[in-house]
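*Asks:* Okay, handing you the structure first.
The values are calculated or read from the model by the stated rules, or taken from the named source; none is laboratory data. Quick caveat, the model's predicted, so the values are computed rather than measured. A quick note on method: Cβ atoms are made from the backbone with ideal geometry, for glycine too, and the neighbour counts reach across all protein chains shown. Ligands, DNA and RNA are stripped out before the accessible areas are found, and what is left, the full protein with its side chains, is counted by its heavy atoms. Shrake-Rupley method; radii C 1.70, N 1.55, O 1.52, S 1.80 Å.
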Amino acid sequence: MKGKKADIFQNILRNSSSPWMDGSGNLGNVAISSRVRLARNLEDVPFPHLLSGKDADLVLKKVFQTVGRVGERGFGGPIIQTSLSDISPLDCQVLVEKHLISPQHAVSKTGKGLVLRYDESVAIMVNEEDHLRLQVLRSGLELDEAWVLASGIDDLCEQGLDYAYDEQIGYLTSCPTNAGTGLRASVMVHLPALAVANEISRVLTAVNKVGLVVRGLYGEGTEGQGNVFQISNQITLGQTEKEIIENLSLVVKQVVSEEIRVRETLFKNHRIEVEDRVFRALGLLSNARKITSDEAIKLWSDLRLGAEFHMIPGLTISDVNEILVLSRPNYVQKVFETTLTAQERDIRRADLIRKHLSSKGV
Amino acid sequence: MLCEECGKSQATVHIERIINGRKTTMHLCRECAQRSGFLTLGVLFQPSFSINNLLSAFLGSQMEALPSLGPGTEGPRCPVCGMSYRDFARAGRLGCSRCYEVFEDRLEPLLRRIHGSDRHVGKAPAATGEGAQIRRELEELKKQLARAVSDEAYEKAAELRDRIKQFEAKLRGNPE
Ligand SMILES: [Zn+2]
Ligand SMILES: [Zn+2]
C-alpha cells in the first residue's frame, strides 16, 4: 500500500466515527450494531493453521485477485487490500479495537491479509482461522440488510474461488463449530436499565436457553463492560441463514423491549436519579484531566443512556459512541503516533474526550 | 430448582440437548455440569470458557470412547493435509476440506452433537447449487413415489414417475 491508499488507510485508523456506530437503524437507541460473518475456505488447500508461509501468500494473492475483480461495485464502496505484514503492530491493534479484525488475526501476521471498505462496514480477514472471514457491520438491528450485502459479496467472490463445499455438510470450515452456513450473526446491545434493575442475568439466561451465546463488548471475558452485550447464534448447521437471522432478531427484539420497559419505569419513578447519573458522567468526561479506559467505558454507558433519552441538547448517540473508540489504549497512541505509558495514556485519553465533547458544544 | 445430579446445590446450568430428534433439558449445578462434561451453552457465560473448550469437551469424551489404539496406529490420514483424527482431536481444528470426507464417520456424530444436525439446508455456491437443489427434490419425489406405491395410488405413482424422469433428465443436462 503506497501513496494515496496508504493515506486513506491511516485516516481510517484515526477516524473515531464509524458509520456502523452512528446510532441509526432499527432500535438504534438500544441495539448498537449488527454483524454478519461468513467463514469460507478454498477446496483442498490446507486451512491457515497448517499453511506454509509460501502457500499462505498464494492464498492471499488469489483472494486479492478475486476481490479486485469484485471491486468497488460489488462491495458497495471503495476498498483497500493489504497484507498484515505491511502494517505496523500498533495499526493492527487499532484494527482490533475498532472490531475490524480479531485479536487472533493480529498475532503473527505472515501470510495474513485484510480487505476493508473505506467506511469500515465491510471487512474480509484472509487466512485467519479460515481462508476467508467476511464481515458486514451495520448500525442498529439490521441483520437482514447485513446478510443481503454479505451474501452478495460472497456470491461474487465465489466466481473467482473454488469454495470448499459439501452437499450434505455445507461450507467446510477449519473448526466444525462453524461448518454448514459458516454464518455467525451477532447484535451488540446496550442494557443499562436491565443492569441497574439487576435483571441482566435473568434475561441473559433466557437468551442462553434458546441456544444463543452472549459475550462482552470486546469479546469473551469483557461481559458487562459498559453494559454492552453481544448476542450471537451458536448453531451454524441444520438451519438456513434466514432462520438463524430471524431467530436471533426475534430474541434481540425481546431483549430490547425488556430494556425499554425497565427504562420507562426508571424514568417515570426515578427521573432525578437517572438525570443525576447522566449529568455526573457528562461532568466527569468533560472535565477530567486523567481517566482510565475502564472508567471511561463506565461513564460512557451513563452518557449514552442520556443521549438515548435525548437529555443532553446537541449530543447524539453517534457523538457518544465515538468516546468508545477514543478511550481505547492503542487508539490513543495512534492519535499521538507514539508509545505511551499507562499514566500518559490516561492523561491523553482525558484530553481527547474533553476536546471531543467541547467540539459538540457540551 | 435443585441440581438433578447431586440434588444438593441450586441448578444454574440448563442444558438443552437434541437426542434422536427429541429435545431434553437437564438442570445441573455448575460443578456437576463441569464434572459430567456437559459443558454446553449455559456455561459459555463464564469468561474463561470459549467455543474451543466446548469443542474439546465434546472431543474429549469422544476420544475416551474410542478403543485404545496401539502406538503407530493413528488410523487413516488425510491425503491432502496429512492429518489423523487424533491430530484433529488434539488441535480442535481440521487440516483441510478433504478431512471432512476422510473422517466422515466420526465427524457426522460430532456435528450432530454440536449443532443438533448434520445436514446443511442453507445457501449453496451457485456452481453446485442448482444440481444439489434438483437432487434434493428428486429424493423427495422418490419418497413420495414409494408412499404412493404402498398406498396403491397407481395414478399418482405414474404421475410421480414422469416427474422423476424429467428431473433425472435435467440432472444429466446439469452435471456436477
Ligand atoms: Zn450438582
Ligand atoms: Zn485434510
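*Asks:* Stretched out fully, how many nm does the piece from A:ARG261 to A:VAL107 gain, at 0.36 nm a residue minus the Cα gap? Walk me through the numbers before you get to the answer.
*Replies:* Working: separation 154, 0.36 × 154 = 55.44 nm, distance 4.27 nm.
That works out to 51.2 nm of additional length.
*Asks:* To continue, here is another question. Given the pairs A:LYS62/B:LYS165; A:LYS112/A:LYS298; A:LYS61/B:LYS170; A:LYS5/A:LYS360; A:LYS61/A:LYS253; A:LYS242/B:LYS143, which are separated by over 32 angstrom at their Cα positions? Write down the numbers at each step before the final one.
*Replies:* On the way: A:LYS62/B:LYS165 41 Å; A:LYS112/A:LYS298 34 Å; A:LYS61/B:LYS170 37 Å; A:LYS5/A:LYS360 30 Å; A:LYS61/A:LYS253 41 Å; A:LYS242/B:LYS143 27 Å.
Exceeds cut-off: A:LYS62/B:LYS165; A:LYS112/A:LYS298; A:LYS61/B:LYS170; A:LYS61/A:LYS253.
*Asks:* Which GluC sites (Glu not before Pro) from region A:90-171 combine a DSSP loop assignment with at most 16 other Cβ atoms within 10 Å? All intermediate terms of the calculation are to be shown ahead of the outcome.
*Replies:* Values: sites: A:GLU97, A:GLU120, A:GLU128, A:GLU129, A:GLU142, A:GLU145, A:GLU158, A:GLU167; in loops: A:GLU120, A:GLU128, A:GLU129, A:GLU142, A:GLU167.
Taking region A:90-171 and a limit of 16 other Cβ atoms within 10 Å, the loop GluC sites (Glu not before Pro) found are A:GLU167.
*Asks:* How high is the relative contact order of chain A, in percent, with contacts defined as C-alpha pairs under 8 Å that are six or more residues apart?
*Replies:* 20
*Asks:* Still on this structure: Might you report the magnitude of the Cβ-based charge dipole of region B:80-156 about its Cα centre, with Lys and Arg at +1 and Asp and Glu at -1, to the nearest 20 debye? Mind dumping the intermediate values first?
*Replies:* Details: 15 positive and 13 negative charges, 96 e Å.
With Lys and Arg at +1 and Asp and Glu at -1, about 460 debye.
*Asks:* Among the aspartates and glutamates, which have Cα under 18 Å from the Cα of B:LYS156 when same-chain residues fewer than 8 positions away are ignored?
*Replies:* Correct list for B:LYS156: B:GLU137, B:GLU139, B:GLU140.
*Asks:* Roughly what would the spin-label model give for A:SER24 and A:ILE347, points 7 Å off Cα along C-beta, in nm?
*Replies:* Here the answer is 4.0 nm between the modelled labels.
*Asks:* Treating the angle as unsigned and between 0 and 90°, give the value, to the nearest 10°, between the Cα long axis of helix A:241-269 and the longest Cα principal axis of chain A.
*Replies:* That works out to roughly 10 degrees.
*Asks:* Work out the FRET efficiency for B:LEU2 and A:LYS2 from their Cβ-Cβ distance, taking R0 = 56 Å, and round it to the nearest 0.05.
*Replies:* The pair B:LEU2/A:LYS2 has a calculated efficiency of 0.25.
*Asks:* Specify the inter-centroid distance of region A:68-104 and region A:170-227, based on alpha-carbon positions, in whole Å.
*Replies:* Comparing the Cα centres of region A:68-104 and region A:170-227, I get a distance of 24 Å.
*Asks:* How long are the three semi-axes of the equivalent ellipsoid for the protein assembly as shown, computed from the Cα gyration tensor as the root of 5 times each eigenvalue, in whole Å, largest first? Please list the in-between numbers first.
*Replies:* Working: eigenvalues 360, 172, 120 Å².
Value: 42, 29, 24 Å, ordered largest first.
*Asks:* I would also like to ask the following. In the protein assembly as shown, with Lys and Arg counted as +1 and Asp and Glu as -1 at Cβ, which of these residues, A:SER186, A:VAL325, A:GLY224, has the Cα nearest the positive end of the dipole, that is, farthest along it?
*Replies:* Towards the positive end, the residue furthest out is A:VAL325.
*Asks:* How large is the dipole of region A:206-249 about the Cα centre if only Lys and Arg carry +1 and Asp and Glu carry -1, each at its Cβ, rounded to the nearest 20 debye? Write out the running numbers ahead of the final one.
*Replies:* On the way: 3 positive and 5 negative charges, 16 e Å.
Dipole about the Cα centre, nearest 20: 80 debye.
*Asks:* Could you pull out the chymotrypsin sites (Phe, Trp or Tyr not before Pro) across region A:283-341 that fall in loop regions by DSSP (anything but H, G, I, E, B) with no more than 10 other Cβ atoms inside 10 Å?
*Replies:* Working: sites: A:TRP300, A:PHE309, A:TYR331, A:PHE336; in loops: A:PHE309.
Those that pass, being in a loop and sparsely packed, number zero.
*Asks:* Do any trypsin sites (Lys or Arg not before Pro) in region A:240-294 lie in a loop, going by DSSP, with at most 16 other beta-carbon atoms within 10 Å of their beta carbon, and if so which? Please report the intermediate quantities before stating the final value.
*Replies:* Working: sites: A:LYS242, A:LYS253, A:ARG261, A:ARG263, A:LYS268, A:ARG271, A:ARG277, A:ARG280, A:ARG289, A:LYS290; in loops: A:ARG289, A:LYS290.
Counting only loop positions with at most 16 other Cβ atoms within 10 Å, the trypsin sites (Lys or Arg not before Pro) in region A:240-294 are A:ARG289, A:LYS290.
*Asks:* A further question follows. Which aspartates and glutamates have a Cα lying under 20 Å from the Cα of A:LYS2, excluding residues fewer than 8 positions away in the same chain?
*Replies:* A:ASP57, A:GLU72, A:ASP86, A:ASP91, A:ASP119, A:GLU120, A:GLU337
*Asks:* Ignoring ligands, DNA and RNA, please state the percent of accessible area on region A:250-362 from carbon and sulfur, probe 1.4 Å.
*Replies:* Numbers: 2890 of 5510 Å².
Reported share for carbon and sulfur atoms: 52 percent.
*Asks:* For labels at A:GLU273 and A:LYS355 in the simple 7 Å Cα→Cβ model, what's the distance in nm?
*Replies:* For A:GLU273 paired with A:LYS355, the spin-label model returns 3.9 nm.
*Asks:* Lys/Arg Cβ at +1, Asp/Glu Cβ at -1, dipole of region A:103-249 taken about the Cα centre: which of A:LEU134, A:SER174, A:VAL107 is farthest positive-ward?
*Replies:* A:VAL107
*Asks:* Grab the beta carbon distance between A:THR222 and A:ASP119, set R0 = 30 Å, and tell me the FRET efficiency rounded to 0.05.
*Replies:* 0.75
*Asks:* Still on this model: Rolling a 1.4 Å sphere over the protein heavy atoms, what is the accessible area per residue of chain A, to the nearest Å²?
*Replies:* That works out to 39 Å² per residue.
*Asks:* What's the magnitude of the charge dipole for region A:3-264 around its Cα centre, counting Lys and Arg as +1 and Asp and Glu as -1 at the beta-carbon? Answer in Debye, nearest 20.
*Replies:* Numbers: 25 positive and 33 negative charges, 106 e Å.
Dipole magnitude for region A:3-264 comes out near 500 debye.
*Asks:* Along the Cα→Cβ direction, 7 angstrom out, place labels at B:SER150 and A:LEU58. What is the inter-label distance in nm?
*Replies:* It is 5.1 nm.
*Asks:* With chain A treated as a Gaussian network of Cα nodes joined by springs under 10 Å, which of A:GLY152, A:GLY23, A:GLY226 yields the largest mean-square fluctuation?
*Replies:* A:GLY152
*Asks:* Further, regarding this structure: Go through region A:148-168 and flag every residue whose accessible area shrinks by 40 Å² or more with all protein chains in place compared to the isolated chain (probe 1.4 Å).
*Replies:* Buried by 40 Å² or more upon assembly, which counts only protein chains, are A:GLU158, A:TYR165, A:GLU167, A:GLN168.
*Asks:* Between the helical axis of A:271-287 and the dominant principal axis of chain A, each derived from Cα atoms, what acute angle in degrees is found, rounded to the nearest 10?
*Replies:* That works out to roughly 70 degrees.
*Asks:* What does the buried accessible surface come to for A and B, summed over both chains, with the probe at 1.4 Å? Round to 100 Å².
*Replies:* On the way: alone 16110 and 12480 Å², together 24450 Å².
When A and B are taken together, about 4100 Å² of accessible area is lost.
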